[in-house]
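Q: Handing you a structure now.
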Amino acid sequence: MVNDSHKNKFSFIDTEIDRRIENRQLRQLRNVLPLNGIEININGQTMLNFCSNDYLGLAMHPLLQERSIEFIHKYGSGATASRLICGNYDFYEHVENKLAQLKQVEAALVLSSGFQANISVIPALADRNSLILSDQLNHNSLIQGCRLARCKVVVYHHNDLSHLEQLLAENSKKGFSRIFIVTESVFSMDGDMADMQALVALAEKFDSFLVVDDAHATGVFGHQGMGLTCGHDIDLVIGTFGKACGSFGAYLACSEKLRTFMINCCSGLIYTTALPPSVIGAIDAALDLIPEMDAERKSLQANAEYLRSSLHDMGWKTGSSSTQIIPIMVGKEAEALALSSWLEENGILISAIRPPTVPSGASRIRLSLSVLHTRKHIDQVIDVFNKWRTYK
Ligand SMILES: Cc1ncc(COP(=O)(O)O)c(C=O)c1O
């Protein structure tokens, strides 16, 4: 009897794992060893890494490592509590002030991770009578944040500002307590950009609240690399330190009043241990380096353009990518997997992205560039893509 009920209790786990195995969708963790900023060892094989979000090659930068160690020596390895209890060490506000100045906003607030920020900030802002208009290709963390807000959410066609305007016009007089527009600035799967100026104008026209996730643009675009949102009047910018900043964590860039509101209402800040000193040390160093990296940013985008046009010449499609994130559209899931394995056999790590992360029939290989990739590395990738057609 006991055994039978146990069997029942866990059967959903077997069902789900079996379903994933059958559909070749079982996700598995692989151990990797970073060798330097762009090479990685997997199962004894050295591979050129084109999957990482370390766009500026800062994750292994000596200054970030040194500052992390310096902070550990001074403050210890953990912050010991939430910032509202006894974890608010002086360095958080130091980094927040530095970031606010760079991003040309009144205030900044450091949070634990981009995921945690998105799932706690949106529910803090919205009440049950709010309406959220969310871009169709928003990252999962934004989707979860919208769900947790427990209000009406309407998805607008990706980057389609006339659709967004139509929804704003239809809904602005319907008695919602407030209307939010939620979008990314650089989209993580397609590598295209949202039009910040047009979004700000729409938000103003309909008195709606604009939230922009600048995760993939921070460090890479905008004045001094401070993101596509930099210099635009955006109500709330969310960004991460785990991508081009080479560390971990997230930030909000906003007004002083909104910062105070979040300190009081954002569960993702209130009910969690503050980020450890080592992480803030690395962020502090990254914020010293990033403004000085205009030449690297220029060469990153020139390399991306070179790779895209070489792929187009060979007949590959890269969707609407115009950034360091380049999806190579394959369509069928099986072909994306086969191509990704072929690339690995040739020493190149580029992951296949397939359902449920992207819609069925939209499977792709998603490549991201770092400033550490040279033209020689990129030519190596082009050569392997070229050979794939004959190999098949
Ligand atoms: C657009 C976007 N927002 C948020 C996140 C989550 O950020 P983090 O990795 O800091 O949790 C990601 C990806 O990881 C992302 O692509």
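Q: Quick one: order Tyr306, Tyr89 by neighbouring beta-carbon count within 10 Å, fewest to most.
A: Going from sparsest to densest Cβ surroundings: Tyr306, Tyr89.
Q: Which of Met226, Met262, Met60 comes first, and how do the rest follow, when ranked by fewest Cβ neighbours within 10 Å?
A: Met60, Met262, Met226
Q: State the three equivalent ellipsoid semi-axes of the chain, derived from the C-alpha gyration tensor as the square roots of 5 times its eigenvalues, in descending order and whole Å.
A: 32, 27, 25
Q: Residue-wise, which Karplus ³J(HN,Hα) couplings in Hz belong to region 144-156, taking 6.51 cos²θ - 1.76 cosθ + 1.60, θ = phi - 60°, and x for glycine or proline?
A: 5, x, 5, 4, 5, 5, 6, 10, 6, 10, 10, 8, 9
Q: May I pose another question? Need one number: nm distance between label points at Ile21 and Glu204, each 7 Å from Cα along Cα→Cβ, rounded to one decimal.
A: Calculated label separation equals 5.9 nm.
Q: Tell me, Phe180, Phe115, Phe12 in order of fewest to most beta-carbon neighbours within 10 Å?
A: Phe12, Phe115, Phe180
Q: Sticking with this structure for a sec: Excluding same-chain residues fewer than 8 positions from Lys257, which lysines have a Cα within less than 20 Å of its Cα?
A: Counting by Cα, and skipping residues close in sequence, Lys257 has these lysines nearby: Lys98, Lys103.
Q: Find the relative contact order for the chain and round it to a whole percent, using C-alpha pairs within less than 8 Å whose residues are 6+ positions apart.
A: 21
Q: Now for a separate question. Pairs of alpha-carbon atoms within less than 8 angstrom and 6+ residues apart define the contacts here; what relative contact order does region 225-325 have, in percent?
A: 23
Q: Please enumerate, by chain and number, the aspartates and glutamates with C-alpha under 17 Å from the C-alpha of Lys174, excluding those fewer than 8 residues away in the same chain.
A: Asp127, Glu165, Asp207
Q: Would you mind getting me the FRET efficiency between Ser360 and Cys86? Use the beta-carbon distance for r and R0 = 56 Å, nearest 0.05.
A: 0.65
Q: Continuing with the same structure: Relative contact order of region 147-287: what whole-number percent is it, with Cα pairs under 8 angstrom and at least 6 residues apart?
A: 15
Q: Give me the lysines in straight-line cross-link reach of Lys392: C-alpha distance below 25 Å, same-chain residues under 8 apart excluded.
A: Lys317, Lys332, Lys376
Q: If you don't mind, another one. So what is the 222 nm mean residue ellipticity for the chain from helices alone, if each DSSP H run of at least 4 adds -39500 (n - 2.57) and you divide by all residues, rounding to the nearest 500 deg cm²/dmol?
A: -13500 deg cm²/dmol
Since every read-out is calculated from the coordinates, none of them should be taken as a lab result. Everything numeric here is computed off the predicted structure, so don't read it as measured data. Here the Cβ is made from the backbone with ideal geometry for all residues, glycine too, and neighbour counts use every protein chain on show.
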